[in-house]
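Peer 1: Encoded as structure tokens, here's the structure I'll be asking about.
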Amino acid sequence: MALAPVAARIAGRLLPLAAGVPKRERYALAGATALFPLIVGVAALHALFGIGGAEFDTPVRDWLPSIVYVLVAAMVSLRAVRVREARGPWIVLAVGLTLYAAGNLLWAFWLEHVPNPPIPSICDALWLSFYPLAYVGMAWLALSRTHRASAGVWLDGVIAGLGITAVGAVVVFRPVLDAATGGTLAVATNLAYPIGDLLLAALVLGFLALRGWRLDRAWGLLGGGFLVLCAADSLYLLQVAAGSPTSNGFANLFYMLAVGLLAVAAWQPQTTVEKPRLESWSMLLVPGGFMLVAMALLVSSYFHRLPPLAFTLDMLTLLAGFVRTAVTFRDVRALARTRREALTDDLTDLANRRLFRRRLDEAITAARATDGKVALIIFDLDRFKELNDTLGHHAGDELLREIGPRLKSMLRATDTLARLGGDEFALILSDPTDESAALRVSDRVLGEIGRPFAVHELSLHVGVSIGIAMFPDHGDEGEELMRRADVAMYNSKSLRTGPEVYSLERDKQSRDHLALVSALAEAIRAGEIDVEFQPKADAATRTVVGVEALARWRSLVHGTIPPDVFVPSAERAGLARALTRHVLGRALAQCRAWRDAGHDLTMAVNLTISDLHDPALPEEIASALTDAGVPPEAVVLEITESAVLSDPERIGIMLARIGEMGVGLSLDDFGTGYSSLTHLKTLPVGEVKIDRSFVGQMATNPADAAIVGSTIQLAHSLGMQVVAEGVEDDETWCRLAEFGCEMVQGYALAPARPAAELEGLLPALEGTLETRLPV
Ligand code: C2E
Ligand code: CA
Ligand code: CA
């Protein structure tokens, strides 16, 4: 009594799809499933040990298989009716099995007992019709649940199919053919079975290959069932060929087992196979195995002649195998290439940003698991853009390509070096690491990149700014670490301090800096930048001959900010052009006013690199002059050596155009750069301003005095006038006058003053200075 629910539970496990059918049918299924082992057990005992004796032969041979076939046909039909999933293929298979069962019933209870049954008979027709239906059903089932398979996977199917057919042809065909008797039709009928079986086996293996050899229960049972069926047929045919009784207990056991597996397979849910992955080399195991077998057959054919069919199939298997190898090779290469292209940087072959992000996340995950650290180092090259602009991007590319090889040697296998884009690179040091290790590596990066690069037969020096952020100290997530390493790098760049580790303090400062820049933009726009004027005097006569306009920013929020802070800020923030326009406007208006009042002063205005890179500058100056009504000769534009060197050719042309207008040009801060005056003699520069760092020390430092003296001499020999800036005392002034320096500027005369203040001083200055003339 308690047996029914237990059987039902077992059936539920064994036949998962049965859960969806009505209870009564489920019990029936359970009963049918329970009958299998019983029947097969009895048949096995009889076949193996002759239990039951000879009088049992007929029932075992006729009754037991018939019951099994009918049960199987019923179970599969029920499945086709009751379960919607994959109904089509299972209807086809159910029809096939029903015809098969019918053929068997007719044989067992009628034809077998007829003397000299015809070949082919109605039973042959029923049995053989099973094959095409089985092919169709299986193909339908396989293809409905396999995603577009690649050529390689299809070839695997072909290899497996051909291979098994070749083996089958050797093992089965020969004896069957040898034993064949009767007319052509009879022989053809008898041959139809092994051929049908071979095809079946070939298809089973082919479809399993198509699934990438991933067997779920459904496919394991189905494939197993069909293969056992083929084995049973082969066994039967071999026994017949060997002259044993027409039917035999062992073959029957196999038949029952085969259809039993099919019945269970029908009630298994089928899993969908996603596209087989190329990387799983295990996939190649089965086709590889068949290749080996085919090879062995070929070798054996040397000793025993193979039937022509078997030989042909064997050769075809090998051929398919070679094609398969070629396809695999092509696929693997293509895969490797796309993968490489997607993850590496084209120019340098280093990891690209995408791979870098992935590696960073992996490193963080690993470090998190071990309580370890990850160092992220970001660096970019200083003045790379200028270099690229001056020497051309080929030179720039060549330089970038050299970075990887230079740094490779200092990296461990687990470290990642990537190019993030432009001249920005990044390095991940995985656990074990710490801040001091990161700094050590950074110093070596600095050293490696600091060595000159040989590009286009030039020896180039590039600097590098390096920022470091540590996991978990500065962030526990990739994105955040990147941002912070970036902040550290920008600090390193602006402070020129070498490798910088991220610091919250500094970050705040640079955010303050951003606030400052936006206030500056607003101040320039609103005209809140004042301009003061510092006088320049003739060194010998001590009369004021000109002034230099200097910008002043007194911010209500930020206090008074010195120009050597806000001018570079403006330059970096792209505000320099507006600043120059503002100062130039104010300066020229003041110049006009002084000229109207009888002070014939020259007006010097400072230019930035951005000004000199703007092709519109000459026109702008010309129209500013006209607007203010100031003659060009009254204006001197001060430029620095580094500005000129940022693009000597283009800026040379620009300066020539400005010079042609009659505007004076002055080389500011001279002596702080690296070039010698002779280098700059082609420029239309009429004046050199010796930097205050030399002038200030002249009185105490004989070396500085010597430098100033020789610079003055050289400038004169090139036809230039000399202005000494930063003259703070009379002694210096006198020495300069002795050296023949034309003009002086400095606190000894006056600091920069608002125009109104200076105005009051002008005549007085002239007067007092007259009396202080050294005689
Ligand atoms: P600079 O062009 O070399 O200007 C001369 C600087 O030396 C001024 O500093 C001036 O106040 C200072 N100075 C003058 N006499 C002496 C002296 O006897 N001893 C010492 N130690 N210093 C003296 P300031 O006004 O702070 O300007 C600093 C720099 O800011 C300028 O150097 C210039 O490069 C830049 N700058 C100022 N105003 C402007 C501007 O309107 N446009 C541009 N592009 N740059 C400006
Ligand atoms: Ca200046
Ligand atoms: Ca200067």
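Peer 1: Could we say that E112 is in contact (Cβ under 8 Å) with a residue 24 or more places away in the chain, farther than 19 Å from A258 by Cα and out of contact with any Lys or Arg (no Cβ under 8 Å at 6 or more places or on another chain) here? Let's see the steps before the verdict.
Peer 2: On the way: in contact (Cβ under 8 Å) with a residue 24 or more places away in the chain: yes; farther than 19 Å from A258 by Cα: yes; out of contact with any Lys or Arg (no Cβ under 8 Å at 6 or more places or on another chain): yes.
So E112 fits the description; yes.
Peer 1: Suppose we filter A705, A699, A643 for residues that are open to solvent by less than 20 Å² (accessible area, probe 1.4 Å) and farther than 23 Å from A604 by Cα; which single one remains? Lay out the reasoning, then the answer.
Peer 2: Details: A699 fails: open to solvent by less than 20 Å² (accessible area, probe 1.4 Å); A643 fails: farther than 23 Å from A604 by Cα.
Going through A705, A699, A643 in turn, just one is open to solvent by less than 20 Å² (accessible area, probe 1.4 Å) and farther than 23 Å from A604 by Cα: A705.
Peer 1: Related question: Suppose the filter is β-branched (V, I, T) and within 27 Å of W127 (Cβ to Cβ); does V21 pass it? Reasoning before the result, please.
Peer 2: Numbers: β-branched (V, I, T): yes; within 27 Å of W127 (Cβ to Cβ): no.
In short, no.
Peer 1: Next question, about the same structure. Determine whether segment 464-481 contains at least one residue that is surrounded by fewer than 17 Cβ atoms within 10 Å (Cβ to Cβ) and free of Cβ contacts under 8 Å to residues at least 24 places away in the same chain.
Peer 2: Going through segment 464-481, the residues surrounded by fewer than 17 Cβ atoms within 10 Å (Cβ to Cβ) turn out to be 472-473, 476-477, 479-480.
With free of Cβ contacts under 8 Å to residues at least 24 places away in the same chain added as a condition, the list becomes 479-480.
Within segment 464-481, one or more residues are surrounded by fewer than 17 Cβ atoms within 10 Å (Cβ to Cβ) and free of Cβ contacts under 8 Å to residues at least 24 places away in the same chain.
Peer 1: So, of the residues in segment 411-460 that are assigned to a strand (DSSP E or B) and open to solvent by 50 Å² or more (accessible area, probe 1.4 Å), which turns out to be modelled with the lowest pLDDT? Steps first, answer last, please.
Peer 2: As a first pass, look at segment 411-460 and keep what is assigned to a strand (DSSP E or B): 416-421, 424-429, 453-455, 458-460.
Pick out the ones that are also open to solvent by 50 Å² or more (accessible area, probe 1.4 Å) and you get 454, 458-459.
Values: A454: 86, L458: 78, S459: 81.
The extreme case among them is L458.
Peer 1: Can you tell me which residues in segment 534-550 are charged (D, E, K, R) and either surrounded by fewer than 16 Cβ atoms within 10 Å (Cβ to Cβ) or more than 30 Å from A523 (Cα to Cα) (or both)?
Peer 2: From segment 534-550, those charged (D, E, K, R) are 536, 538, 542, 548; that's our starting set.
D538, R542 - these are the residues of segment 534-550 that are charged (D, E, K, R) and either surrounded by fewer than 16 Cβ atoms within 10 Å (Cβ to Cβ) or more than 30 Å from A523 (Cα to Cα) (or both).
Peer 1: While we're here: Does segment 726-751 hold any residues that are within 19 Å of E687 (Cβ to Cβ) and near ligand 1 (Cβ under 7 Å from one of its atoms), and which are they?
Peer 2: Across segment 726-751, the qualifying residues are G726, V727, Q745, G746.
Peer 1: Considering only segment 608-638, state which residues are open to solvent by less than 10 Å² (accessible area, probe 1.4 Å), within 13 Å of ligand 1 (Cβ to nearest atom), outside any helix (DSSP H, G or I) and touching a residue at least 40 places away in the same chain (Cβ under 8 Å).
Peer 2: Scanning segment 608-638 gives a single hit, E638.
Peer 1: Cβ-Cβ below 7 Å, separation at least six or inter-chain, first residue in segment 494-522 and open to solvent by 50 Å² or more (accessible area, probe 1.4 Å), second of a type outside the set (S, T, Y): which pairs?
Peer 2: R506/N491
Peer 1: Filtering segment 735-755 down to residues that are open to solvent by 10 Å² or more (accessible area, probe 1.4 Å) and of a type in the set (G, A, S), which residue is nearest to ligand 2 (Cβ to nearest atom)?
Peer 2: Within segment 735-755, the match that is nearest to ligand 2 (Cβ to nearest atom) is A752.
Peer 1: Still on this structure: If the requirement is being open to solvent by less than 50 Å² (accessible area, probe 1.4 Å), modelled with pLDDT of 90 or more, β-branched (V, I, T) and over 23 Å from L253 (Cα atoms), which of these qualifies: V76, V92, V83, V68?
Peer 2: Numbers: V76 fails: over 23 Å from L253 (Cα atoms); V83 fails: modelled with pLDDT of 90 or more; V68 fails: over 23 Å from L253 (Cα atoms).
The conditions single out V92.
Peer 1: Now for a separate question. Inside segment 721-734, can you point out the residues that are surrounded by 21 or more Cβ atoms within 10 Å (Cβ to Cβ) and closer than 16 Å to D669 by Cα? So that I can check it myself, show each step before the final result.
Peer 2: As a first pass, look at segment 721-734 and keep what is surrounded by 21 or more Cβ atoms within 10 Å (Cβ to Cβ): 722-725, 727, 732-733.
Hits for segment 721-734 are V722, V723, A724, E725, V727.
Peer 1: Among the residues that make up segment 648-669, is at least one of them more than 26 Å from D389 (Cβ to Cβ), in contact with a helix residue (DSSP H, G or I) (Cβ under 9 Å, 6 or more places away or on another chain), open to solvent by less than 20 Å² (accessible area, probe 1.4 Å) and modelled with pLDDT under 95?
Peer 2: no
Peer 1: Can you pull out the residues in segment 486-506 that are out of contact with any strand residue (DSSP E or B) (no Cβ under 9 Å at 6 or more places or on another chain) and closer than 18 Å to G475 by Cβ?
Peer 2: Hits for segment 486-506 are S503, L504, E505.
Peer 1: Now for a separate question. Can you find even one residue in segment 672-687 that is of a type in the set (A, V, I, L, M, F, W, C) and within 15 Å of ligand 2 (Cβ to nearest atom)? Step through it out loud before you land on a result.
Peer 2: Start the filter on segment 672-687 by keeping residues that are of a type in the set (A, V, I, L, M, F, W, C), which leaves 677, 680, 683, 685.
Then drop every residue that is not within 15 Å of ligand 2 (Cβ to nearest atom), which leaves 685.
Within segment 672-687, one or more residues are of a type in the set (A, V, I, L, M, F, W, C) and within 15 Å of ligand 2 (Cβ to nearest atom).
Peer 1: Counting residues that are within 14 Å of ligand 1 (Cβ to nearest atom), which helices (runs of 4 or more DSSP H) fully inside segment 640-708 reach at least 1?
Peer 2: Passing ranges, in order: 641-645, 692-695.
Residue-by-condition table, conditions (1) under 24 Å from P568 (Cβ atoms); (2) within 16 Å of ligand 3 (Cβ to nearest atom):
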| site | (1), (2) |
| --- | --- |
| R586 | yes, no |
| R592 | no, no |
| D596 | no, no |
| L601 | no, no |
| V605 | yes, yes |
| T608 | yes, yes |
| D614 | yes, no |
| L617 | yes, no |
| E620 | yes, no |
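Peer 1: Residues of segment 756-773 being open to solvent by 70 Å² or more (accessible area, probe 1.4 Å) and either at pLDDT 95 or above or farther than 13 Å from T543 by Cα (or both), which ones?
Peer 2: A756, E757, E759
Peer 1: Name the residues in segment 295-324 that are touching a residue at least 60 places away in the same chain (Cβ under 8 Å) and open to solvent by less than 30 Å² (accessible area, probe 1.4 Å), would you? Steps first, answer last, please.
Peer 2: Let us first name the residues in segment 295-324 that are touching a residue at least 60 places away in the same chain (Cβ under 8 Å), namely 297, 306-307, 309-310, 313-314, 316-317, 320-321, 323-324.
Answer for segment 295-324, where residues must be touching a residue at least 60 places away in the same chain (Cβ under 8 Å) and open to solvent by less than 30 Å² (accessible area, probe 1.4 Å): L297, L306, P307, A310, L313, D314, T317, A320, G321, R324.
Peer 1: Related question: Would you confirm whether or not segment 745-755 contains a residue that is closer than 30 Å to D647 by Cα, of a type outside the set (V, I, T) and modelled with pLDDT of 90 or more?
Peer 2: Yes, there is a match, as at least one residue in segment 745-755 is closer than 30 Å to D647 by Cα, of a type outside the set (V, I, T) and modelled with pLDDT of 90 or more.
Peer 1: Mind listing whichever residues of segment 723-742 are away from ligand 3 (no atom under 13 Å from the Cβ) and closer than 17 Å to V688 by Cα?
Peer 2: Listed by number, the residues that qualify are W733, L736, A737, F739, G740, C741, E742.
Peer 1: So, of the residues in segment 551-564 that are within 16 Å of ligand 3 (Cβ to nearest atom) and not charged (D, E, K, R), which turns out to be surrounded by the fewest Cβ atoms within 10 Å (Cβ to Cβ)?
Peer 2: It comes out as P562.
Peer 1: Which one of these does R87 not meet: (1) in contact (Cβ under 8 Å) with a residue 24 or more places away in the chain; (2) within 25 Å of A134 (Cα to Cα)?
Peer 2: The number of the failed condition is (1).
Peer 1: Quick one: in segment 547-562, of everything that is touching a Lys or Arg at 6+ places or on another chain (Cβ under 8 Å) and at pLDDT 95 or above, which residue is farthest from ligand 1 (Cβ to nearest atom)?
Peer 2: V547
Peer 1: Here's another thing I want to ask about it. Name the pairs: first residue in segment 364-379 and part of a helix (DSSP H, G or I), second residue modelled with pLDDT under 90 and open to solvent by 10 Å² or more (accessible area, probe 1.4 Å), Cβ to Cβ under 7 Å, at least 6 apart or on different chains?
Peer 2: Here the result reads A366/S430; A366/D431; A367/D431; T370/D431, each pair linking segment 364-379 to a residue that is modelled with pLDDT under 90 and open to solvent by 10 Å² or more (accessible area, probe 1.4 Å).
Peer 1: Taking the conditions exactly as written (free of Cβ contacts under 8 Å to residues at least 24 places away in the same chain, within 16 Å of ligand 2 (Cβ to nearest atom) and surrounded by 14 or more Cβ atoms within 10 Å (Cβ to Cβ)), does F694 satisfy them or not? Full working, then the answer.
Peer 2: Values: free of Cβ contacts under 8 Å to residues at least 24 places away in the same chain: yes; within 16 Å of ligand 2 (Cβ to nearest atom): yes; surrounded by 14 or more Cβ atoms within 10 Å (Cβ to Cβ): yes.
Yes: the conditions hold for F694.
Peer 1: For segment 358-374, which positions are farther than 14 Å from T416 by Cβ and open to solvent by 100 Å² or more (accessible area, probe 1.4 Å)?
Peer 2: R368, D371, listed by residue number.
Peer 1: Take the residues of segment 1-36 that are at pLDDT 80 or above and outside any helix (DSSP H, G or I): which is most open to solvent (accessible area, probe 1.4 Å)?
Peer 2: Among them, the one singled out is P22.
The values are calculated or read from the model by the stated rules, or taken from the named source; none is laboratory data. What you see is a predicted model; the values in this text were computed from it and never measured. Note that we place each Cβ from the backbone using ideal geometry, even for glycine, and neighbour counts take in every protein chain shown. We work out accessible area using only protein heavy atoms, side chains counted, and drop any ligands, DNA or RNA first. Shrake-Rupley method; radii C 1.70, N 1.55, O 1.52, S 1.80 Å.
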